[in-house]
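First up is the structure itself, then whatever we jot down about it.
Rule-based calculations on the coordinates, nothing more; no lab input. The model shown is predicted, which means the values in this text are computed figures rather than measured ones. FYI the Cβ positions are ideal-geometry reconstructions off the backbone, even for glycines, and counts take in every protein chain you see.
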Amino acid sequence: MGEGTGMTETFGVDFLVRWLAAVAEAVDREADRLTELDSAIGDADHGANLKRGFAAVTTILAEEPPATPGAVLTAAGRQLISTVGGASGPLYGTLLRRTGKTLGDGDRVTREQLAEALGSGVAAVSQLGGAQVGDKTMLDALVPAVEGLRASFGAARAAAEEGALATVPLRARKGRASYLGERSVGHQDPGATSSALLFAALDDVARTEGAS
Amino acid sequence: MSAGTRVGIVLVSHSAAVAVAVAELARGLAGGGDLAPVLPAGGTPDGGLGTSSELIRSAAEAAERGAGVAILVDLGSAVLTVKALLAEGDELPGNSRLVDAPFVEGAVAALVTASAGGDLDAVAAAASEAYAYRKD
């Protein structure tokens, strides 16, 4: 829950748990769309894979509630690596786990700290997959989103959505889509699309707290 | 490395059938005698195509005999899942290594080398060297 009366607002375990629950809802709602995007340039499993992964995250957080915001994200990341079965598992798993580890064991975090930690998570994703911005991957949404988060939750959401849309004219350089070469042009990247869902959910949860 | 312990090999494929068949092929081509352990970790636990950290973990634990585990992978999520599990630190036996090698040729080279008593460095090097054999 956000706490702040003129001071810098901070967020605790509840906030992170509600963020991941909101991601699970969004992924569930958008699963068909993600799979449809993935059927154009991937192997048509992105929606189902993420739906299974984030449902498992919701379960583990309910069964074994972590004590700190960092631990919430670390547990979620491990769960994604264990349950997804496609490349999005280790990629999103690494994003959340590294972010959680960077947050450390403080009870509360600021938006700026979350942005900083997500920055390290995004760097770990880039290292794991060997991808850069412009390769038509989730990084095209994640990198601008983290920059946006330094300003506000709303800016992060807008930047992620813009980044996902900007993948349409790109040619894929990583993953299965890269085998398609020029034929990957004209399709929105499913990973960038699901990454935008993460930041839309974060903004939604922040708004219900009255945070910006 | 204590006498008699050998490097174990884990074969991670998106397909259970591929992982099992490549393990069989490697055993067949490695010749007779007492072979090093080679464990398939293919597909998802429900039999579908994909990568399962659970299957990889149990195969690595079964392959570990005290001399380390060489993990060979096919592509995409198999590569990323093993890398992510290794980065985790405690998910795989301590001396597990992702080996950069062609899946089929690397499996054969790794098993021959491991069965001959080569250490993890030697097994990894033999598997990687399989990239150098050109076919045209």
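Okay, here's what the table says:
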read-out: Flag if A:Val84 is more than 10 Å from chain B (Cβ to nearest Cβ) and of a type in the set (Val, Ile, Thr); value: no
read-out: For A:Leu198: the one exception among (1) surrounded by fewer than 22 Cβ atoms within 10 Å (Cβ to Cβ); (2) in contact (Cβ under 8 Å) with a residue 60 or more places away in the chain; (3) closer than 27 Å to B:Ala87 by Cα; value: (1)
read-out: Positions within the stretch B:56-75 being within 11 Å of chain A (Cβ to nearest Cβ) and touching a residue at least 40 places away in the same chain (Cβ under 8 Å), in sequence order; value: B:Ile56, B:Leu75
read-out: So A:Gly77, is it farther than 20 Å from B:Leu49 by Cβ and either more than 11 Å from chain B (Cβ to nearest Cβ) or without any contact (Cβ under 8 Å) to a residue 60 or more places away in the chain (or both); value: yes
read-out: Matching residues, the stretch A:31-54, being more than 11 Å from every other protein chain (Cβ to nearest Cβ) and either of a type in the set (D, E, K, R) or touching an Asp or Glu at 6+ places or on another chain (Cβ under 8 Å) (or both); value: A:Asp32, A:Arg33, A:Thr35, A:Glu36, A:Leu37, A:Asp38, A:Ile41, A:Ala44, A:His46, A:Gly47, A:Lys51, A:Phe54
read-out: Qualifying position, being small (Gly, Ala, Ser) and surrounded by 22 or more Cβ atoms within 10 Å (Cβ to Cβ), among A:Ala151, A:Ala145, A:Ala115; value: A:Ala145
read-out: Filtered residue count, the stretch A:162-171, keeping only those that are farther than 11 Å from A:Met138 by Cα and touching a residue at least 24 places away in the same chain (Cβ under 8 Å); value: 3
read-out: Subset tally (residues that are buried (at least 23 other Cβ atoms within 10 Å of the Cβ), more than 10 Å from chain A (Cβ to nearest Cβ) and not aliphatic (A, V, I, L, M)) for the stretch B:76-94; value: 0
read-out: Helices (runs of 4 or more DSSP H) fully within the stretch A:127-211 counting 1 or more residues that are hydroxyl-bearing (Ser, Thr, Tyr) and within 21 Å of A:Asn49 (Cα to Cα); value: A:190-208
read-out: Condition met for B:Asp34 (within 14 Å of chain A (Cβ to nearest Cβ) and surrounded by fewer than 21 Cβ atoms within 10 Å (Cβ to Cβ)); value: no
